[in-house]
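For reference, the structure discussed in these notes is given below.
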Amino acid sequence: MAAVAGPVRGLHYLCRVLFFFWQFCILLGDESTEIPPYVMKCPSNGLCSRLPADCVDCATNFSCVYGKPVTFDCTVKPSVTCVDQDFKSQRNFIINMTCRFCWQLPETDYECSNSTSCMTVSCPRQRYLANCTVWDHIHCLGNRTFPKMLYCNWTGGYKWSTALALSITLGGFGADRFYLGQWREGLGKLFSFGGLGIWTLIDVLLIGVGYVGPADGSLYI
């Protein structure tokens, strides 16, 4: 009997250890619950009415009158904490906003991607398809990320004043064209002595009015 009791005690002890380890894994799994990504944008214990749009769910009404003030019932998303005007914890609240879709907002209320592959100096002016995202604190109807056609307006760092100064002083040697990245025209002016002065005068006028710009298609700064 003694020979049998030893292995039985060992097996009983092993079962208790395995059970304890199983309970520990369960607790560890509960503590390591992932935090929703939107929580990083939500200030803790701030006013509910000032939370970013990603932190709340609102019962919007798309049949409201465009441009008119409107109120919507909103609920704070899980894992987000906020308070009312009396600093009391709150989950449901009313938000005031203007009835309009996100793509109808003024340009100051969203940020758009830039393109460096289109020509800013062209006739007619070129456009590019940009992806725009509404700022976090702005509330609007519809998708907060939307496409929009914008005019090319990027800059490569070329200064208009520098180009004009080079055209007036060293234009006969093609310095203005070299500065703008137009190497072929620069070499042409260099070996023709500025087109015997005629090309130089024309470039002064064209650069002065902004008709001749950088070779990469960007705007002056």
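Evaluating Ala130 against the criteria (1) open to solvent by less than 60 Å² (accessible area, probe 1.4 Å); (2) at pLDDT 90 or above; (3) within 25 Å of Gly46 (Cβ to Cβ) leaves one unmet condition, (3).
Do you know which residues across the range 55-77 are of a type in the set (S, T, N, Q) and in a loop (DSSP other than H, G, I, E, B)? Correct list: Thr60, Asn61, Ser63. Within the range 133-176, if we keep just the residues that are basic (Lys, Arg) and either open to solvent by 60 Å² or more (accessible area, probe 1.4 Å) or over 20 Å from Gly67 (Cα atoms) (or both), the residue that is nearest to the chain's Cα centre (by Cα) turns out to be Lys148.
For Gly213, the conditions (1) in a loop (DSSP other than H, G, I, E, B); (2) at pLDDT 90 or above; (3) surrounded by 17 or more Cβ atoms within 10 Å (Cβ to Cβ) all hold with the exception of (2). Among residues of the range 87-108 that are free of Cβ contacts under 8 Å to residues at least 60 places away in the same chain, those with a Cβ under 8 angstrom from a residue that is among the acidic types (Asp, Glu) and in a loop (DSSP other than H, G, I, E, B), sequence gap 6+ or separate chain, pair up as Gln90/Asp84; Phe93/Asp84. Based on what the data block shows, is Val204 touching an Asp or Glu at 6+ places or on another chain (Cβ under 7 Å) and either hydrophobic (A, V, I, L, M, F, W, C) or over 28 Å from Asn114 (Cβ atoms) (or both)? No; evaluated as a whole, the condition is false for this residue.
Number of residues in the range 203-221 that are in contact with a strand residue (DSSP E or B) (Cβ under 9 Å, 6 or more places away or on another chain) and among the aliphatic types (A, V, I, L, M) equals 2.
Of all residues in the range 177-202, those that are more than 16 Å from Pro214 (Cβ to Cβ), open to solvent by less than 60 Å² (accessible area, probe 1.4 Å) and either in contact with a strand residue (DSSP E or B) (Cβ under 9 Å, 6 or more places away or on another chain) or in a helix (DSSP H, G or I) (or both) total 5.
When Phe146 is tested against the conditions (1) in a strand (DSSP E or B); (2) free of Cβ contacts under 8 Å to residues at least 40 places away in the same chain, the lone failure is (2). Determine whether the range 61-80 contains at least one residue that is open to solvent by 40 Å² or more (accessible area, probe 1.4 Å) and of a type in the set (A, V, I, L, M, F, W, C). So far as the range 61-80 goes, yes, one or more of its residues are open to solvent by 40 Å² or more (accessible area, probe 1.4 Å) and of a type in the set (A, V, I, L, M, F, W, C). When residues in the range 100-114 are screened for being open to solvent by less than 50 Å² (accessible area, probe 1.4 Å) and assigned to a strand (DSSP E or B), 2 of them pass.
The conditions of being of a type outside the set (Lys, Arg) and modelled with pLDDT under 85 are met by Gly194.
The values are calculated or read from the model by the stated rules, or taken from the named source; none is laboratory data. Just so it is clear, the structure is predicted and the values come from calculations on it, not from any experiment. A quick note on method: Cβ atoms are made from the backbone with ideal geometry, for glycine too, and the neighbour counts reach across all protein chains shown. Ligands, DNA and RNA are excluded from the accessible area calculation, which covers all protein heavy atoms including side chains. Shrake-Rupley method; radii C 1.70, N 1.55, O 1.52, S 1.80 Å.
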